[in-house]
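Only one structure is covered here, and it is reproduced in the block below.
The values are calculated or read from the model by the stated rules, or taken from the named source; none is laboratory data. In this text the structure is predicted, and so the values were computed from the model without any measurement. Cβ atoms come from the backbone with ideal geometry, glycine included; neighbour counts cover every protein chain shown. These accessible areas exclude ligands, DNA and RNA; they are computed on the full protein's heavy atoms, side chains included. Shrake-Rupley method; radii C 1.70, N 1.55, O 1.52, S 1.80 Å.
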Amino acid sequence: MTNKLRISLTFCALWMLTALAIQVQAQITDDTPAIGTYSLDACLKYAYEHSEALKKNQLEIRKSEATVRETRSIGLPQVSAEARFSNAYIIPKSILPDGRLFGGPPGPIAVEFQPRYAASVTVTATQLLFDASYLVGLRASRVYKELSQKQIKQSKIDIAGNVTKAYYLVLLNKERIELLEHNFRRIDTLYKSTAAMQKNGFAEKIDVYRLQVSLNNIQTEINKTKALLDFSAKALKFQMGMPVRDSIMLSGSINDIQLSEVTAQEAESSSYKSRVEYSILETSRNLARLDIRNKKAAYYPRLVAFINYGSNAGSSNLSDLGYVNQNWFRNGIFGFTLSVPIFSGLGNRAKVEKARIEMQKIEQDFKAFERTYDFQVAQARQSLSTSLQDLKIQKQNMDLAKEVSRVANIKFQSGTGKNLDIIDAENQFKTAETNYYNALYNAIISKIDLNKAMGKLVVDK
């Protein structure tokens with residue numbers, strides 16, 4: 001391949017990379033003004049206010065409050081009014097055995113015992129005096145509200161974990177871009193000096209080409225990282241419940257998170273009771289107990305007091321019903337209704353047995369959760385320990401690779417080193433940087449997962 005062909009191919013590659021950079025930059029540039037600068041706490045606060053899942057849970061709380069009021073209303077006085085009008089256009093007749101009883105002919109006779117038009121107005125009030133199911137249901141409705149509140153906390157924990165991971169991924173990509181751009185400027189300076197040396201005959205064209213290829217590779221890496229930054233920013237806004245079209249600026253640093261291992265004492269001080277899932281299981285167990293009591297309440301009697309007052313009238317003339325007169329007659333009654341269950345075909349017994357089985361299932365859920373907790377904490381601790389060890393090694397490798405690159409540049413500029421050594425050193429440095437940031441993100445994810453497993457992920461923002 002001739003030198004002219006190499007130069008043409010190189011310029012074509014530069015042109016394509018420049019076009020790609022412009023395209024990627026256009027993708028990550030948002031013309032919408034930034035709506036604010038957000039720290040991690042601000043991101044979490046925004047997410048708690050705009051998350052659709054949390055809004056649904058809050059609606060569930062309102063629903064549970066309405067359920068409490070609905071259950072409570074059963075024990076309050078129930079008052080109803082009824083007005084009735086009837087037109088017996090064919091009046092039914094009753095058969096009497098002998099008409100002579102009413103001065104008629106002997107033998108059966110048909111007589112009318114009701115007027116054609118009839119009307120009545122009645123007001124009825126009832127009051128529940130005793131119902132075991134009502135008492136249990138009232139308490140269960142309050143426990144249901146408590147369960148809804150705990151589910152909100154669980155949703156907040158899930159949101160906190162997702163937002164925190166997305167938040168630090170954006171910061172990590174920003175820092176990596178800054179480091180790549182710094183490397184690009186450093187290699188670009190070397191490239192320009194080498195090109196000047198080549199013009200004066202102190203360097204070969206192949207040295208210039210190698211540095212140019214290195215610049216192209218770094219620029220490609222910058223473009224890829226910018227595209228990843230744009231994607232991670234969109235992912236963060238999605239987790240926050242923020243419209244993707246809005247711009248966002250972050251004020252934090254990748255070093256804000258404390259990446260330290262959890263000591264054995266800290267792990268022992270933690271307990272599965274600190275997890276909201278355990279608290280939800282406790283509430284579910286309380287509901288199961290109340291369900292058993294509710295099924296047993298079907299064996300108890302039910303006592304209701306009632307009173308009603310009304311007036312009725314009847315006439316063959318419709319006009320006599322249009323106003324209250326001597327044809328309207330008052331009536332009233334009060335009393336008690338006692339319902340005593342005697343035999344239900346063993347249906348209630350089967351219902352109680354089903355409720356007890358549900359209770360036993362929840363007890364098994366407790367045992368399973370305790371084992372799950374131990375496993376998740378142990379796994380998260382091991383993952384964090386491994387990630388921190390890897391992070392330490394990759395940090396050392398990156399520092400060493402940076403030093404090797406620095407020395408190679410000095411030797412080349414002083415005329416004692418080779419251009420190929422610079423390229424190898426830069427490739428090793430770029431690889432070390434990639435490995436370091438991957439290890440850093442893995443350590444961050446492991447730390448967040450451990451805090452969540454131990455029930456220490458802060459959500460009250």
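Counting the residues of the range 86-124 that are in contact with a Pro (Cβ under 6 Å, 6 or more places away or on another chain) and surrounded by 13 or more Cβ atoms within 10 Å (Cβ to Cβ) gives 1. Which is part of a helix (DSSP H, G or I), among the acidic types (Asp, Glu) and closer than 30 Å to Lys456 by Cα, of Glu370, Glu358? So the residue among Glu370, Glu358 that is part of a helix (DSSP H, G or I), among the acidic types (Asp, Glu) and closer than 30 Å to Lys456 by Cα is Glu370.
Applying the criterion of at least 1 residues that are in contact with a Ser or Thr (Cβ under 7 Å, 6 or more places away or on another chain), polar (S, T, N, Q) and modelled with pLDDT of 90 or more to the strands (runs of 3 or more DSSP E) found wholly in the range 73-134 leaves 78-87, 117-130.
Pairing residues of the range 232-251 that are surrounded by 15 or more Cβ atoms within 10 Å (Cβ to Cβ) with residues that are outside any helix (DSSP H, G or I) and of a type in the set (Phe, Trp, Tyr), at Cβ distances under 7 Å and at least 6 apart in sequence or on separate chains, gives Ile248/Tyr38; Leu250/Tyr38. The listed residues are Gln376, Gln389, and the only one of them that is among the polar types (S, T, N, Q), part of a helix (DSSP H, G or I), surrounded by fewer than 20 Cβ atoms within 10 Å (Cβ to Cβ) and in contact (Cβ under 8 Å) with a residue 40 or more places away in the chain turns out to be Gln376. Taken together, the criteria place Ala408 among residues that are without any contact (Cβ under 8 Å) to a residue 24 or more places away in the chain and either open to solvent by less than 20 Å² (accessible area, probe 1.4 Å) or in contact with a Cys (Cβ under 7 Å, 6 or more places away or on another chain) (or both). The set of residues from the range 350-362 being surrounded by 12 or more Cβ atoms within 10 Å (Cβ to Cβ) and under 30 Å from the mean Cα position of the chain (by Cα) comprises Ala355, Glu358, Met359, Ile362. Scanning the range 336-355 for residues that are part of a helix (DSSP H, G or I) and farther than 12 Å from Ile292 by Cα turns up just one, Gly347.
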